[in-house]
Amino acid sequence: MANLLIKNIKGLAGILEDNTGPLRGEALGKLEVIENAFLAIEDGKISMYGKMEDLSGVTDWTNLEIIDADGKYVLPAFCDSHTHLVFAKTREEEFVDRIKGLSYEEIGKKGGGILNSARKLADMPEEQLVEDALKRLVLVKSQGTGAIEIKSGYGLSVEAELKMLRVIKKLKELSDVTIKATFLGAHAFPTEYKGGREDEYVDLIINEMLPKVAAEGLADYIDAFCERNYFTTEQLDRILAAGLKAGLKPKIHVNQFSIMGGVQVGVKYNAVSVDHLEELNDDDVKALNGTSTIATALPMCSFFLSIPYTPIRQLIDNNVAVNLASDFNPGTTPSGNMQFVTALGCIKMKMTPEEAINSTTINAAYAMELGNELGSITVGKKANVVITKEIPSLNFIPYAFGEDVVEQTILFK
Ligand code: NIG
Ligand code: FE
């Protein structure tokens, strides 16, 4: 399907004539829509768009597929800039523990949580991990996702971290979803390093894991979970410095449960994004103001754990670039449904539907350094788009939470 004409589109949304960076402040609330539109795609790229009345007759019908999108909207496919999509097993048992009163942190302290996932992953062959992750990719694609970032971090040993990253590399080959890989060796301390040997594990990440990850070209980014009982700001600082030296830019977990200064370390190293930010103070916002670092909120994690939502309005009002992502993982967000992410952005974080859509498309593309290739309807960009079912308005996407409004996700490799 190299050449494609989508015609009679009820509304073609997410048009940007040219884009020079993530949308900030008031610009985030502007979503350009053409009603009764067409979208022409050549060799997988957007070649033209406009009003149906301006569509001149097609001269070359060879290799041209035509889709009639009467009553339907077309928008850029979602970009999900933060996931842990490769994992061995789901963790419903911890879900029930939390219903009964235990917190995520308490479960982690008992050896559950990330270590639970690491134990399960250690025994699982690479092929099985690929097969399971592919199924999840097929699911999220059907829900509208066209690009995704995937982290390691359930390995926590040299061997198993490399195994995870090789799985992600394989997924890049096998899937038409655009994938970025992040090395998250610093996700949790293995039990044998807890209680005094934590810095030795950081040494292992820096001296053993990173060189191998870099030599095999297995990752695009470096991540660490900066949090009480996990990695300190000093450890984060060391890991990011080493990652940058190895050519990996930071995209990091900070301020999920506590404010430790991780935001400032991220800014110091020009992080592509600082993610979570459920806990955020004025100093953090000030640190982000005027920088290129994007603040990534993960509202499904807040929903699932019943923790605060990232104060995204404060960030938007302070001209910080923001985006929304899923955090798909077996512990805190067992879903990669970006439609629900837009719903929570609106319902719980008081974003307008336009802001929520821009935050899951163009700004999310920038949070994966794909802003020049994806995330908007722009001539020359890859034509990765979603065609909705027949829906009354664009606002219906976040409004009708729980309903799948995506009819088709069209992706080009
Ligand atoms: O982003 N908080 C750190 N990492 C994941 C959860 C990982 C897990 O519980 O398996 C998160 O929420
Ligand atoms: Fe995460």
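The values are calculated or read from the model by the stated rules, or taken from the named source; none is laboratory data. Just so you know, these numbers come straight off a predicted model, no measurement behind them. Every residue, glycine as well, gets a Cβ built from its backbone with ideal geometry; the counts of neighbours run over all protein chains shown. Side chains included, ligands, DNA and RNA excluded: accessible areas come from the protein's heavy atoms. Shrake-Rupley method; radii C 1.70, N 1.55, O 1.52, S 1.80 Å.
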Per the filter on the range 340-350, residues over 18 Å from S306 (Cβ atoms) and open to solvent by 10 Å² or more (accessible area, probe 1.4 Å) are C346, K350
In the range 172-200, what residues are touching a residue at least 40 places away in the same chain (Cβ under 8 Å), outside any loop (DSSP other than H, G, I, E, B) and either closer than 22 Å to E278 by Cα or more than 16 Å from ligand 2 (Cβ to nearest atom) (or both)?
L174, T178, T182, L184, A186, T191
From the list L85, L23, L16, pick out the single residue that is under 17 Å from E355 (Cβ atoms), under 20 Å from the mean Cα position of the chain (by Cα) and touching a residue at least 12 places away in the same chain (Cβ under 8 Å).
L23
Among the residues in the range 100-117, are any surrounded by 14 or more Cβ atoms within 10 Å (Cβ to Cβ), of a type in the set (A, V, I, L, M) and in contact (Cβ under 8 Å) with a residue 40 or more places away in the chain?
yes
Single condition K249 does not satisfy, out of (1) open to solvent by 60 Å² or more (accessible area, probe 1.4 Å); (2) within 16 Å of ligand 1 (Cβ to nearest atom); (3) under 20 Å from the mean Cα position of the chain (by Cα):
(2)
Taking only the range 93-108 into account, find how many residues are out of contact with any helix residue (DSSP H, G or I) (no Cβ under 9 Å at 6 or more places or on another chain) and within 13 Å of ligand 1 (Cβ to nearest atom).
1
Taking Q128 and the conditions (1) part of a helix (DSSP H, G or I); (2) within 16 Å of ligand 2 (Cβ to nearest atom), which numbered condition does it fall short on, given that it satisfies the others?
(2)
How do the pairs read when you match residues in the range 126-153 that are within 16 Å of ligand 1 (Cβ to nearest atom) with residues anywhere that are open to solvent by less than 20 Å² (accessible area, probe 1.4 Å) and acidic (D, E), using Cβ under 9 Å and keeping only pairs 6 or more apart or on different chains?
I148/D80; E149/D80; K151/D223; S152/E161; S152/D223; G153/E161; G153/D223
In the list I307, I316, which residue meets the criterion of being touching a residue at least 40 places away in the same chain (Cβ under 8 Å), more than 16 Å from ligand 1 (Cβ to nearest atom) and not in a strand (DSSP E or B)?
I316
So is E161 over 16 Å from the mean Cα position of the chain (by Cα), open to solvent by less than 10 Å² (accessible area, probe 1.4 Å) and modelled with pLDDT of 95 or more or not?
yes
How many residues does the range 305-339 contain that are open to solvent by 10 Å² or more (accessible area, probe 1.4 Å), of a type in the set (G, A, S) and within 18 Å of the chain's Cα centre (by Cα)?
1
Kindly state which strands (runs of 3 or more DSSP E) lie completely within the range 1-73 and contain at least 2 residues that are under 17 Å from I377 (Cα atoms).
3-15, 32-42, 45-51
